[in-house]
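For reference, the structure discussed in these notes is given below.
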Amino acid sequence: MMIKKSQSLPEVAVIGLGKIGLTLAAVFAHKGYKVYGADKNPDVVSLVNKGKSHISNEPGLSELVKDAYENHKLMATDSNKEAVSKANIIIVIVPVLVDENNEIDYQYIDDAVGDIAEGIQKDSLVIFETTLPPGDTKNRFGKHIEHKSGLKMGEDFHLAYSPERVYSNRIIEDLSNYPKVVGGLNEKSLEIASSFYKKALHCELIEVSSIEAAEFSKVAECVYRDVNIALANELAKFAEEKGVPMSEVISASNSQPYSNIHAPGIGVGGHCIPIYPYFFINRGLNKGLTTLSRNINDSMATYAIRKIEDRLGSLENKNVLILGLSYRGNVKEPTKSTTLLLIDHLREKQANVFINDPHFTNSEIIQYEALPLGLQNKFTSEIDVIILQAFHKEYEDLDLEGFTNCQLVFDGRNKWSKEEITNLGIQYEGIGR
């Protein structure tokens, strides 16, 4: 892409206006870029074109979207082709997931790349931020754009990869604080991509030698976390066998600067950790720690149910309340949530499953084949078991006195006081406690 010598900035298309995509679009617009956001959801498009964010729990995002709208720097469309045709730089942040068999599901991003190929102009730069298996940016998507557009990557259009590395509820902060890893198809692609991010995000850059190295780095981050959480869970279960409090072990061990034992818990969820290790596993890394860690972390829901049964016996017709549909505290995100595994196990045990989550409506909870239950509802007196799965702020000082029939609390995040719960005459179980 020929960068003009004038002070005018290139126009940007952001393909996918989810939590990260909309934030990127708004931040780019705030830095003076003209941004065309594309999303297949007409409700999202309509809101953005009114200066409103459909994401409610990202600090600062609503203000940035409103500002971008008022300054005519951000517009949205449901046509990827239209957005791409107006832009010099195309950012792709469309999800890649795994299906129920843990096979990679390319449906959404394949469709988006097909649209990009139809709209792309010569000398444009395409940057993928979606987490991908190493090799996909060039070998799957770059070649698709080549084949459909008739343009040659590296000559007629440029190609780069820069993984998103942000955390829900602090995306804007992370975009400026986290180093941006960037890999290009060739020197020119890397140069243009790096120049864009320096101006658009004002963050530190880490330029790597290839697109594949950048792709690999993001998946490796997630595998590292998954492996270390699995280690913490394995140690916690062993500590229980030996009658040793895992919290004390972690505090003591981590006083050594080279030790960083993670917190054990009831499971791992979200778009990243339970999904991206399969990008390695399905490409040949199907033995060893990566696969074992996935199995350990997904087994924690089964482990929790077994511990409850060891205390109470059969769960048939027991009323079980799960606190948190979200995969973690203070976000609205059910993807791969441990709660989904818990629901399956409890239904197999013929228990009655109830869910409380302040981030979801009753109708949203019902979609997951569980009954919503407000914490002020009189039926709380009929609950036999409480499972803390996502530690929302609303649960920090939860008054359990109304749960007069509750026999056991399973603290899946080790956040509550065992003493306070047992003083109410309720049995307490945690992970490694």
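General remarks:
- The conditions of being touching a residue at least 40 places away in the same chain (Cβ under 8 Å), outside any strand (DSSP E or B) and either in contact with a helix residue (DSSP H, G or I) (Cβ under 6 Å, 6 or more places away or on another chain) or over 30 Å from VAL166 (Cα atoms) (or both) are met by LEU341.
- Whenever a residue of the stretch 27-42 is touching a residue at least 12 places away in the same chain (Cβ under 8 Å), its partners that are in a strand (DSSP E or B) and of a type in the set (Gly, Ala, Ser), lying with C-beta atoms within less than 6 angstrom and at least six residues away or across chains, give the pairs TYR36/ALA13; GLY37/ALA76.
- Condition broken by ILE426, with the remaining ones in (1) touching a residue at least 12 places away in the same chain (Cβ under 8 Å); (2) more than 26 Å from GLY243 (Cβ to Cβ) satisfied: (2)
- Residues in the stretch 381-394 that are buried (at least 22 other Cβ atoms within 10 Å of the Cβ) and either farther than 17 Å from ARG413 by Cα or in contact with a strand residue (DSSP E or B) (Cβ under 6 Å, 6 or more places away or on another chain) (or both): ILE383, VAL385, ILE386, ILE387, LEU388, GLN389.
- Qualifying position, being crowded, with 19+ Cβ neighbours inside 10 Å and modelled with pLDDT of 95 or more, among ALA239, ALA252: ALA239
- Scanning the stretch 77-97 for residues that are of a type in the set (A, V, I, L, M, F, W, C) and in a strand (DSSP E or B), we see that the one that is farthest from VAL45 (Cα to Cα) is LEU97.
- Restricting the stretch 203-238 to residues that are of a type outside the set (A, V, I, L, M, F, W, C) and touching a residue at least 60 places away in the same chain (Cβ under 8 Å) leaves a set whose member that is farthest from VAL35 (Cα to Cα) is LYS237.
- The set of residues in the stretch 55-95 that are under 17 Å from the mean Cα position of the chain (by Cα) and at pLDDT 95 or above comprises VAL92, ILE93, VAL94.
- From PHE391, PHE360, PHE410, residue being within 24 Å of GLY265 (Cα to Cα), of a type outside the set (Gly, Ala, Ser) and outside any loop (DSSP other than H, G, I, E, B): PHE410
- Number of the condition not met by VAL331 [criteria: (1) modelled with pLDDT of 95 or more; (2) within 30 Å of ARG170 (Cβ to Cβ); (3) among the aliphatic types (A, V, I, L, M)]: (1)
- Set side by side, the residues VAL113, VAL126 differ, and just one is assigned by TED's automatic domain parsing to the domain that holds SER62, at negative phi and not in a helix (DSSP H, G or I), which is VAL126.
- Of the residues making up the stretch 109-137, those that are within 24 Å of the chain's Cα centre (by Cα) and surrounded by fewer than 20 Cβ atoms within 10 Å (Cβ to Cβ) are ASP110, ASP111, GLY135.
- Exactly one residue out of GLU173, GLU212, GLU191, GLU221 is more than 23 Å from the chain's Cα centre (by Cα) and surrounded by fewer than 23 Cβ atoms within 10 Å (Cβ to Cβ): that is GLU191.
- Residue in the stretch 51-60 that is outside any loop (DSSP other than H, G, I, E, B), more than 27 Å from ASP123 (Cα to Cα) and of a type outside the set (A, V, I, L, M, F, W, C) present: no
- Of all residues in the stretch 311-322, one or more are closer than 21 Å to PRO264 by Cα, at pLDDT 95 or above and within 22 Å of the chain's Cα centre (by Cα).
- Residue match in the stretch 257-275 (condition: more than 30 Å from ASN405 (Cβ to Cβ), part of a helix (DSSP H, G or I) and not assigned by TED's automatic domain parsing to the domain that holds LEU400): no
The values are calculated or read from the model by the stated rules, or taken from the named source; none is laboratory data. Small disclaimer: the values here were computed from a predicted structure and weren't measured. Cβ atoms come from the backbone with ideal geometry, glycine included; neighbour counts cover every protein chain shown.
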